[in-house]
Amino acid sequence: MWRYYNRNPRQIHEEDCVCRAISTALGLDYHVAGNLIQLAADAQGCEPLCVCCYHRLLEGVYGLEPAYCDFRETVGELAERYPERKLIIRVEGHLTCALYGVVTDIWDCSEELVDCYWVI
């Protein structure tokens, strides 16, 4: 199941999937999540959308453990498997989230294959 939700305060569609997914799943203010992602990027010396930056934030700061699917499950299948949890999910070129079994994003990515995810 998929639900349209744009956490961006200006309700525009831009390349902010990392901030949208992290702020939504962790229940953070959009701008707070953006600032945390930027701080992680500055510490790593990389771009804020770089995988190493948000990995550092999710794993180093929030203590979340990554789980790897190796592209064997879709976003929708993973969301169904965790109907009572929140997930941050990485697919090729995109970060999304699922809240209690519902993929929550600005587009339906439920058929995309998952690389890794974090259970909250």
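The values are calculated or read from the model by the stated rules, or taken from the named source; none is laboratory data. Keep in mind the model is a prediction, meaning the values are calculated, not measured. Cβ atoms come from the backbone with ideal geometry, glycine included; neighbour counts cover every protein chain shown. Surface accessibility is based on the protein's heavy atoms, side chains included, excluding ligands, DNA and RNA. Shrake-Rupley method; radii C 1.70, N 1.55, O 1.52, S 1.80 Å.
Do the conditions hold for V61, that is, is it in contact (Cβ under 8 Å) with a residue 40 or more places away in the chain, under 23 Å from Y30 (Cβ atoms) and open to solvent by 30 Å² or more (accessible area, probe 1.4 Å)?
Values: in contact (Cβ under 8 Å) with a residue 40 or more places away in the chain: no; under 23 Å from Y30 (Cβ atoms): yes; open to solvent by 30 Å² or more (accessible area, probe 1.4 Å): yes.
Taking the combined requirement at face value, the residue does not satisfy it.
For the stretch 1-40, give me the residue count where each residue is open to solvent by 20 Å² or more (accessible area, probe 1.4 Å), of a type outside the set (S, T, Y) and in a helix (DSSP H, G or I). Steps first, answer last, please.
Start the filter on the stretch 1-40 by keeping residues that are open to solvent by 20 Å² or more (accessible area, probe 1.4 Å), which leaves 1-5, 7, 9-15, 17, 26-32, 34-36, 38-39.
The next check asks that each one be of a type outside the set (S, T, Y); those that pass are 1-3, 7, 9-15, 17, 26-29, 31-32, 34-36, 38-39.
Those left that are additionally in a helix (DSSP H, G or I): 17, 26, 31-32, 34-36, 38-39.
Qualifying residue count, the stretch 1-40: 9.
Report, by residue number, each residue of the stretch 81-102 that is open to solvent by 10 Å² or more (accessible area, probe 1.4 Å) and in contact (Cβ under 8 Å) with a residue 40 or more places away in the chain. Even if it seems obvious, please write down each step before you answer.
Filtering the stretch 81-102 for residues open to solvent by 10 Å² or more (accessible area, probe 1.4 Å) gives 81-86, 90, 92-94, 99-102.
Those that are open to solvent by 10 Å² or more (accessible area, probe 1.4 Å) and in contact (Cβ under 8 Å) with a residue 40 or more places away in the chain: K86, H94, L99, G101, V102.
Only residues that are in a loop (DSSP other than H, G, I, E, B), small (G, A, S) and at pLDDT 95 or above: list them for the stretch 43-97, please.
G63
Is it the case that some residue within the stretch 12-30 is among the aromatic types (F, W, Y) and modelled with pLDDT of 95 or more? Even if it seems obvious, please write down each step before you answer.
Of the stretch 12-30, the ones among the aromatic types (F, W, Y) are 30.
Imposing the further condition that a residue be modelled with pLDDT of 95 or more reduces the set to 30.
Yes, the stretch 12-30 has at least one match.
Out of contact with any Phe, Trp or Tyr (no Cβ under 8 Å at 6 or more places or on another chain) and in contact (Cβ under 8 Å) with a residue 24 or more places away in the chain: is that true of Y30 in this structure? Break it down stepwise before answering.
On the way: out of contact with any Phe, Trp or Tyr (no Cβ under 8 Å at 6 or more places or on another chain): yes; in contact (Cβ under 8 Å) with a residue 24 or more places away in the chain: no.
Criteria not met by Y30.
Residues of the stretch 103-118 being among the aliphatic types (A, V, I, L, M) and either open to solvent by 10 Å² or more (accessible area, probe 1.4 Å) or assigned to a loop (DSSP other than H, G, I, E, B) (or both), which ones? Outline the logic, then answer.
Taking the stretch 103-118 as the starting set, the residues that turn out to be among the aliphatic types (A, V, I, L, M) are 103, 106, 113-114.
Residues satisfying the conditions are I106, L113.
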